[in-house]
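Take a look at the structure below.
Just so it is clear, none of the values below were taken in a lab; they were calculated from the coordinates. Predicted, not measured: the structure shown is a model, and the values here were computed from it. So basically every Cβ, Gly included, is an ideal-geometry build from the backbone, and we count neighbours across all protein chains shown.
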Amino acid sequence: MRTPYSLVPSTLVLPSLEFPSLFSSHSAAAHSKNAKMGKGYSAVIASNPYIVGSFACIGGGLFGLDISSMAGVLSNDHYKNQFGNPGSNAQGAIVASMPAGSFVGALVVSYLGDKIGRKKTIIISGWIWVIGSILQCASVNRGMLCAGRVISGISVGLASAAVPLYQSEVTAPAVRGRFVSMQQWSITWGILIQYFIQFGCSYINGVASFRIPWGLQMIPAIVLSLGMLFFPESPRWLVDHDREEEALTILADLHGGGDPNDDLVQLEFAEIKEQVRFERTEGAKSYMDLLKPGVFRRVGLGASLQMWSQLSGMNIMMYYIVYVFQGAGLTGTRGNLIASSIQYVLNVAFTIPAIIYIDRWGRRPLLLAGTFLMGFWLFLVGGLQGGFGEWGVVDGSRIWVINDHDSITKGVIVCSYLFVSSFAITMGPVSWTYPAEIFPMRVRAKAVSFSTAANWLFNFALAWAVPPGLSTIAWKTYFIFGTFNFAAFIHILFCFPETAGRTLEEIEEVFAQGHIFTAWKVKRDVGKKTLRDVVEKDNDSHEADYPEKA
């Protein structure tokens with residue numbers, strides 16, 4: 001049985017294996033040259049997988065900050081007075097302006113990610129966020145507020161596509177899912193931190209109660225942009241741009257303790273070069289490549305998974321949890337805010353098991369369990385709301401509300417908590433991990449940006465549609481999203497193959513197996529290679545290209 005390279009110890013000796021000249025002389029010269037000219041990043045940081053794999057996640061935290069920056073002001077009278085007491089449609093438009101900008105930002109990554117690199121794209125996203133935060137903090141009307149949120153959204157769109165892309169290309173396959181899923185964890189931390197800032201500032205009497213939290217949002221973005229200067233660029237991007245010496249040095253620092261001749265480094269370097277060489281034979285990169293056989297299937301999987309993550313109903317529980325708990329009969333402002341904060345704490349806590357075990361449990365089991373459970377909890381919430389609620393007026397607004405049924409109110413709140421916990425441990429982290437790892441190198445930036453754009457397109461639509469939905473069809477809204485979850489369960493069961501534990505290059509063989517509608521038939525050892533396998537294949541390729549003369 002072959003051992004995947006991610007599990008081969010770096011001290012392994014293969015005496016019968018001779019590396020082609022591609023590695024030995026090239027790697028020594030590359031390492032020496034980079035040592036003299038300076039690397040443009042901190043080798044100490046690059047050598048620590050937990051730092052290099054997690055720091056960029058601050059970009060995900062920006063999205064979390066935005067979510068609770070809105071959720072925390074929905075019951076703030078100073079916010080309502082400043083912006084003309086927005087109704088359900090107007091409030092939906094204000095919230096939706098951020099994902100509208102994110103949709104644009106995610107699409108721009110397809111160009112920036114390939115043109116200037118993953119690292120610089122993340123740095124740019126941080127500075128754009130600072131501009132958006134300044135505008136929001138200073139906003140005096142809805143137009144200025146929406147403009148600031150659109151600009152902040154562009155930043156979030158850039159980061160949400162570039163960060164998982166970067167993480168997937170700099171982390172080892174054995175822990176890749178763990179670090180890419182930390183993107184979701186950082187989102188939950190952003191939600192939690194900003195919500196408690198909003199909660200504390202709600203005691204301030206005046207517009208400072210919402211301006212201070214909006215202004216403080218820029219601090220993490222500044223840390224992100226300055227901190228990324230000390231991090232390496234993606235070695236896969238460097239190889240694709242004919243900067244192999246830098247790529248090998250970075251791989252050595254990332255996965256080999258600085259040794260470019262380490263077996264694991266040599267294997268990954270060989271696989272990257274082989275994949276890039278193969279992809280270049282297929283012609284220049286273009287958006288039409290996304291429609292090619294084999295790639296189009298994966299574009300559909302990546303985009304649909306991001307779509308399902310939005311249609312799961314998590315937006316209701318994040319953006320509009322105040323409205324949800326009002327409908328459940330929890331009408332006191334302070335009590336509502338406290339109950340909401342518990343759900344944000346659960347969101348953070350239940351993402352941790354997924355981060356630790358996502359590579360052991362696999363992507364498919366988490367997605368299947370998550371979609372089924374989320375559908376169940378939402379149907380239960382809808383049933384309780386429909387069976388015990390009635391139309392009423394709360395804080396001047398007509399809503400469907402449960403009155404004088406304390407046990408039912410508590411039941412709805414508990415089901416909401418269980419829904420959020422189910423999302424946090426399953427769909428939340430996997431929806432970022434899976435699209436970042438399934439695409440070939442030549443289209444990865446474009447395909448990931450397209451998938452992430454699908455996320456923001458549905459985020460935009462739902463952020464706008466949910467408030468009017470809750471004010472018109474009320475409890476039936478939960479049945480709609482519950483049905484979406486069960487539809488996602490069926491789609492994932494038939495069409496999503498397992499990708500855990502493989503290098504990005506080995507995942508190519510997973511999709512080469514076919515099984516478009518029988519994904520469960522793809523075994524978890526498909527595609528895994530040893531160093532000997534890759535070198536022998538590379539030698540065979542060279543012999544085919546340059547046959548000896550008879």
*Using +1 on the beta carbon of Lys and Arg, -1 on that of Asp and Glu, and nothing else charged, what's the dipole of region 368-480 about the Cα centre, debye to 20?*
560 debye
*When the convex hull of the Cα atoms of region 234-282 is projected onto a plane and the area is averaged over all directions, what value comes out in nm²?*
2.9 nm²
*Largest first and in whole Å, give the semi-axes of region 231-333's equivalent ellipsoid, each being the square root of 5 times a Cα gyration tensor eigenvalue.*
44, 23, 11
*asked:* Could you tell me which residue out of 123, 353, 145 lies farthest along the dipole of the chain toward its positive end? Charges go on the beta carbon: Lys and Arg +1, Asp and Glu -1, centred on the Cα centre.
replied: 145
*Put +1 on the Cβ of each Lys and Arg and -1 on the Cβ of each Asp and Glu in the chain; which of 217, 155, 469 then has its Cα farthest toward the positive end of the dipole?*
469
*Any chance you could run the full-extension gain for residue 204 through residue 406? It's 0.36 nm times the residue separation minus the Cα-Cα distance, nm to one decimal.*
69.6 nm
*With +1 on each Lys and Arg Cβ and -1 on each Asp and Glu Cβ, and nothing else charged, work out how big the dipole of the chain is about its Cα centre, in Debye to the nearest 20.*
1160 debye
*State the extension gain, in nm to one decimal, for the chain segment bounded by residue 261 and residue 487, taking 0.36 nm per residue of separation less the distance between their alpha-carbons.*
76.5 nm
*Per 10 Å bin, what is the whole-percent P(r) computed from every C-alpha pair distance within the chain?*
4, 18, 28, 24, 14, 8, 3, 1, 0, 0
*Please work out the Cα center distance from region 368-443 to region 187-256, rounded to the nearest Å.*
28 Å
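Highest first, please rank the peptides 256-269, 435-448, 129-142, 307-320 by the mean number of other Cβ atoms sitting within 10 Å of their residues. Mind dumping the intermediate values first?
Working: 256-269: 21.4, 435-448: 25.6, 129-142: 19.2, 307-320: 24.0.
Highest to lowest by the protection proxy: 435-448, 307-320, 256-269, 129-142.
For the pairs 273/446; 292/476; 292/523; 115/273, flag any whose C-alpha to C-alpha distance is greater than 30 Å.
292/476
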*asked:* If a paramagnetic tag sat 7 Å from the Cα of residue 241 along the Cα-Cβ line, which residues of region 167-198 would have the backbone N under 19 Å from that point?
replied: 167-171
*Add -39500 (n - 2.57) for each DSSP H run of 4 or more in the chain, then divide by its residues: what number comes out at 222 nm, to the nearest 500 deg cm²/dmol?*
-23000 deg cm²/dmol
*Mind listing the long-range amide H neighbours of residue 394? Cut-off is under 5 Å, sequence gap 5 or more, other chains count too, H placed in the peptide plane at 1.01 Å from N.*
399
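Helix check for the chain. Which DSSP H runs span at least 18 Å along their own axis by Cα, with a mean Kyte-Doolittle hydropathy no less than -0.5?
The qualifying helices are 58-71, 88-115, 118-138, 142-170, 182-201, 295-311, 333-349, 363-388, 406-425, 444-472, 476-495.
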*For region 58-81 and region 147-178, write down the distance between their C-alpha centroids in whole Å.*
21 Å
*asked:* Based on the alpha carbons, how large is the Rg to Rh ratio for region 287-524 when Rh follows Kirkwood?
replied: 1.03
*Taking 0.36 nm per residue of separation and subtracting the Cα-Cα distance, what length does fully extending residue 77 through residue 338 add?*
92.2 nm
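Charges at C-beta only: +1 for Lys and Arg, -1 for Asp and Glu. How large is the resulting dipole of region 40-233 about its Cα centre, in Debye rounded to 20?
With only Lys, Arg, Asp and Glu charged at Cβ, the dipole is about 80 debye.
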*asked:* Which one, 202, 239, 419, projects farthest toward the positive side of the charge dipole computed for the chain from Cβ point charges (K/R +1, D/E -1)?
replied: 202
*Please compute the net charge surrounding residue 135, taking Lys and Arg as +1 and Asp and Glu as -1 over other residues with Cβ under 14 Å from its Cβ.*
+2
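Assuming R0 = 41 Å, what is the FRET efficiency of residue 516 and residue 476, from their Cβ-Cβ distance, to the nearest 0.05?
Given R0 = 41 Å and the Cβ-Cβ separation, E is 0.75.
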*Express the relative contact order of the chain as a whole percentage, based on alpha carbon pairs under 8 Å and six or more residues apart in sequence.*
24 percent
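Grab the alpha carbons of region 294-399, take their convex hull, and tell me the volume per residue in Å³.
On the way: hull volume 13.4 nm³, N = 106.
Output value, Cα hull per residue: 126 Å³.
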